[in-house]
Amino acid sequence: MSLSVLRTSDAWWVSVPTGVRRIDTTATTTAELIADRDAVAAAASGDGDVVDPATLTLVSPVTAPCRVIAQMTNYASHVRDSGMDPDKVPLTFFRKSSGSITGPADDIVKPAHVALLDYEVEIGIVFGQTVPVGSAVDEELLAEAVAALVVTNDVSARDVQLPKTQFYEAKSYPTFTPVGPFLVLLEEGEWEKFSTLTLQLRVNGVTRQNSTVADMIYPPLETLRALTRFQRVDAGDLLLTGTPGGTALTAPPKPVEIIGSLLPSHVKWKVFFKRQAGNPKYLRDGDVVETSIAAGDGTLDLGTQRNVVRYA
């Protein structure tokens, strides 16, 4: 059975039926905590004091520095929202700064120069071992390499991302990757439950994204095979596996897109962002973003984030 771990600034905690119990470990990083699985199991089955998790101030259970790797357009619904064909979209990666990682209840802070702040619920895969470049990745190695799953939100500054045609800056500002609350450590045989997960994101109580993993184009096996052709992953590294449809950003109607392609670049973007400025789905100051991921049968629950948007 999976073990759900929380993190505070000074300790790690494991979930038990009546609350959470402190883990007796010297681990200070996620990689070290994963390696100290016996301490997690001992706390889960022990008889130490139990604490109400609501009394804890949680931080991200994925520690920085680490690699934060993300997949682009990996859900068919999101691909269609982006004006593309799910049958033709390639498997593509980008990187985020691990300085963007923040806690599951921390504020999402919009920089003053950003106008269009968007959200993307994503399943985060946390690796528990090194997978070198050139590895022969099969289902067995994938299940061994994946130590845990987490809820993530790939917050994005669309007005920075699009005209620069690169993702790193637009997705790497501080607080742009909320992670947690739980680091769900998988037991042997539990990786198969990945295919049962449902992703949901709500803004001010209104559902914006709601999809299952069945909408995913490139599953983790294909992803890790492609990634390790050029990129090593290590214990504690985080892979964001894409988001379903329902983000604030959507492609313009085809006639508008065709006309826009005929305009000079600076004019095209000026017109595009003027239209986007009227889109009420972009995150506003004070908005409450709730992000959750769980199996449909309730056997695997990664928990729920609750982040408030603040304008700098």
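Only the coordinates and a few stated rules stand behind these numbers; no lab work does. Remember, predicted model here, so these are calculated numbers, not experimental data. Don't worry about glycine lacking a Cβ; one is built from the backbone with ideal geometry, like all the others, and counts go over all protein chains shown.
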Heads up, segment 3-55 by the C-alpha gyration tensor (a ≥ b ≥ c square roots of eigenvalues; a/c under 1.5 rounded, else a/b over b/c prolate, else oblate) looks oblate
To the nearest 10 degrees, the tilt of helix 265-276 (Cα long axis) against the first principal axis of the alpha carbons of the chain is 70
For the chain the mean separation of alpha carbon contacts under 8 Å (6+ apart) over residue count, i.e. relative contact order in percent, is 26
Honestly segment 40-120 on the Cα gyration tensor test (a ≥ b ≥ c root eigenvalues; a/c under 1.5 rounded, otherwise a/b vs b/c for prolate or oblate) is just prolate
Most exposed to least, judged by fewest other Cβ atoms within 10 Å, Thr102, Thr304 sort to Thr304, Thr102
For Lys274, the aspartates and glutamates lying under 15 Å Cα to Cα, once residues fewer than eight places off in the same chain are dropped, come out as Asp159, Glu257
For Ile217, Ile125, ascending order of other Cβ atoms within 10 Å (fewest first) is Ile217, Ile125
Taking alpha-carbon centroids only, segment 16-69 lies from segment 114-180 a number of Å equal to 22
With a ≥ b ≥ c from the Cα gyration tensor eigenvalues, square-rooted, and the rule rounded for a/c under 1.5, otherwise prolate when a/b > b/c and oblate otherwise, segment 177-221 is oblate
Computed, not fitted: 222 nm per-residue ellipticity of the chain from DSSP H runs ≥ 4 (each -39500 (n - 2.57)), nearest 500, equal to -5500 deg cm²/dmol
Once normalised by the length of segment 93-200, the mean sequence separation of its alpha carbon contacts under 8 Å that are 6 or more apart gives a contact order in percent of 40
Which of Lys88/Lys193; Lys96/Lys281; Lys88/Lys164 exceed 25 Å between C-alpha atoms? The answer is Lys88/Lys193
Assertion target for Trp13, Trp191, ordered by fewest C-beta neighbours within 10 angstrom first, is Trp191, Trp13
For Leu201, the net charge from surrounding residues (Cβ-Cβ under 9 Å; K, R +1; D, E -1) works out to 0
In Å, the Kirkwood estimate of hydrodynamic radius for segment 7-151 over Cα pairs equals 18.2
As a Kirkwood estimate from alpha-carbon pairs, the chain has a hydrodynamic radius in angstrom of 20.0
